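Engineer: Please find one structure pasted underneath; my questions will follow.
The values are calculated or read from the model by the stated rules, or taken from the named source; none is laboratory data. Just so it is clear, the structure is predicted and the values come from calculations on it, not from any experiment. For neighbour counting, all protein chains shown are included, and Cβ atoms are generated from backbone atoms with ideal geometry for every residue, glycine included.
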Number of protein chains: 2
Amino acid sequence: MTIQWSWGIFNRMVEHAQERLDRIFAAIADPTRRAILRVLRDHPATITEIARPFPVSLNAISKHVMVLERAGLLHREIQGREHHCTIEPRPLREANQWLEHYRQFWEERLDALEVYVARKFKSSRKGTPHGKLQ
Amino acid sequence: MTIQWSWGIFNRMVEHAQERLDRIFAAIADPTRRAILRVLRDHPATITEIARPFPVSLNAISKHVMVLERAGLLHREIQGREHHCTIEPRPLREANQWLEHYRQFWEERLDALEVYVARKFKSSRKGTPHGKLQ
């Protein structure tokens, strides 16, 4: 009974982590939302300040801010009429942790490519009289 | 004239990189697609083999494979009736490069949190007679 209960909790935790990753990656799959994060990386800003450089409506920016907020990437503090936004980098660390599982894989590929290029370069040097590339 | 032309090419390159990031992040914003990449990380596989552990139709898996392929994350080789799939980790490296711009930011936050916890621990040790936490 205890095992079943723990297994249930474990499954729910895994599901929850998956749903969080879904929301994080979906949030950063948009160029405007990535640009908003870029602005907030430098300093906190109100929604009006965030919207200024973008050629879209304040309403559109507000929707993008909401998506970032739901993904946990943005913290909003309401002071009177102003909504002050700050970046929350923790979900980006979660995204990075997922990508890390593949780091070894892409690094191996690049190493293999480097070895291939180095070999090609070496054999082409042998083939030419003054070590010049053909 | 030359400057305008170069500026146009530069803008197109930036747009192209943005569109690629959109497709990459959207592709990995789905738990089934992340699970497919997890399978392919270990070994290449046909679509039938990929579909086996999933409780969804072969058609649904085929659509997920197509999304991964469009994002450049999967390479498909057709041999007769079989579609052999391998993972292409290069786009994951691109995603990682985008995230790296925020690494310093999340690491600073964590450092600040560690300092805070260490101080709290120290002050609570001072407050108790035998260095026990309250």
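Engineer: Of the residues B:Pro91, B:Pro53, which single one is touching a Gly at 6+ places or on another chain (Cβ under 9 Å) and closer than 18 Å to B:Thr32 by Cβ?
Structural biologist: Every option except B:Pro91 fails the conditions.
Engineer: Is it the case that some residue within the range A:85-102 is among the β-branched types (Val, Ile, Thr) and either more than 13 Å from chain B (Cβ to nearest Cβ) or within 20 Å of B:Leu74 (Cβ to Cβ) (or both)?
Structural biologist: Looking through the range A:85-102, none of the residues is among the β-branched types (Val, Ile, Thr) and either more than 13 Å from chain B (Cβ to nearest Cβ) or within 20 Å of B:Leu74 (Cβ to Cβ) (or both).
Engineer: Taking B:His75 as meeting all but one of (1) of a type outside the set (Phe, Trp, Tyr); (2) at pLDDT below 95; (3) assigned to a strand (DSSP E or B), write down the number of the exception.
Structural biologist: So B:His75 meets the others, but not (2).
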